[in-house]
Amino acid sequence: MTIKNYNDYWSLPLTLIISFIIFVSFSVVQSVVLLIVQKMELTNIVDVKILAYSNLGLISFVSSIIGSLLILVFIRMKNIKINNYLNLNLPNLRMSGYFFLATCALIFFMEYVSQTYPNLFDTDFVLESYKNANNLPLLYLGVVFFGPLFEEMLFRGFLFKGLQKSVLGDVGAVVVSSVIFSVIHIQYGLAVIVFLLLPMAILLGYARLKSNSLILPILLHVFNNLLTCVVTHFEVY
């Protein structure tokens, strides 16, 4: 039996650098897809922002697949099984139930806060993306499934492992990965990042830590995005 040690994983500095490279590549792919769509678009849409909203599903789908593949490539470069690096274990059923309840409670609380203080969370990104989507099934595929899959593989998977195996330990892995995850969603605005995204990110990080499984935060993230899309659907239609 081979005992894995810290040298089997990327060091913290290299983990941070690689994570940055992966995220930049992910962002570049998004821009390239948008550019291609813009060149091929046969409608009269000239506003790039509206064009991005209308094709968000496709953009998220393609970029998330490329980003996920890059993560797998860097993991395989360490000659370690992907399952071991990302902790793709089946989570405990009872624990999963508790975290789903906690996620529901947090979602309802955030919805209450956003309805009570609508001016505080002045962002129309989700609503505009849904209203302008030219393909709802593709929007759900890209935003509800593949987007969370990539983000969890990167932040609660690859990055989390590098942080956890460093001097930062378990708590540092949860906190630092949550902060970075929240900050990269700058399109939602500062208030949303601090009061909505960061608490959810910490919950996902804690779920990853306690379950010792990446599958649980992936499911929780998918559930959150699905619920957001369903609620937005009824707001639009």
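Odds and ends about this structure:
- In the set (1) 116; (2) 138; (3) 130, the label that goes with volume of the Cα convex hull per residue in Å³ computed for this structure is (3).
- Protection-proxy order for peptides 89-97, 140-148, each taking the mean of Cβ atoms within 10 Å per residue, highest first: 140-148, 89-97
- Tilt relative to the chain, helix 169-183 - C-alpha long axis, 0 to 90 degrees, to 10: 20
- Per residue, in Å², the accessible surface of the chain once ligands and nucleic acids are set aside, probe 1.4 Å: 54
- In order along segment 77-93, the phi-based Karplus estimate (6.51 cos²θ - 1.76 cosθ + 1.60, θ = phi - 60°) of 3J(HN,Hα) comes to 5, 8, 6, 10, 4, 4, 4, 6, 5, 9, 6, 8, 9, 6, x, 4, 5 Hz; Gly and Pro are listed as x.
- Most mobile listed residue (T116, T15, T103) in the chain, GNM with C-alpha springs under 10 Å: T116
- ³J(HN,Hα), Karplus 6.51/-1.76/1.60, whole Hz, each residue of segment 51-57, x for Gly, Pro: 4, 5, 4, 5, 10, 4, x
- Table column - 3J(HN,Hα) (Hz), segment 192-205, Karplus curve with 6.51, -1.76, 1.60, x for Gly and Pro: 5, 4, 6, 9, 10, 6, 4, x, 5, 5, 5, 4, 5, x
- Net charge of neighbours whose Cβ lies under 11 Å from the Cβ of I218, counting Lys and Arg as +1 and Asp and Glu as -1: 0
- Peptides 127-136, 106-115 ordered by average Cβ neighbours within 10 Å, highest first: 127-136, 106-115
- Unit charges at the beta carbon, dipole of the chain: most positive-side option, S19, V167, L209: V167
- Charge dipole (Cα centre; +1 on Lys/Arg Cβ, -1 on Asp/Glu Cβ; no other charges) of the chain amounts to roughly 940 debye.
- Dipole axis of the chain (+1 Lys, Arg; -1 Asp, Glu on Cβ), positive-most option in L198, W10, V144: W10
- Counting only protein heavy atoms and a probe of 1.4 Å, the accessible surface of the chain is 69% carbon and sulfur.
The values are calculated or read from the model by the stated rules, or taken from the named source; none is laboratory data. No experiment lies behind these values; they were computed from the predicted model shown. Here the Cβ is made from the backbone with ideal geometry for all residues, glycine too, and neighbour counts use every protein chain on show. Protein only, heavy atoms only, side chains kept; ligands, DNA and RNA dropped before computing areas. Shrake-Rupley method; radii C 1.70, N 1.55, O 1.52, S 1.80 Å.
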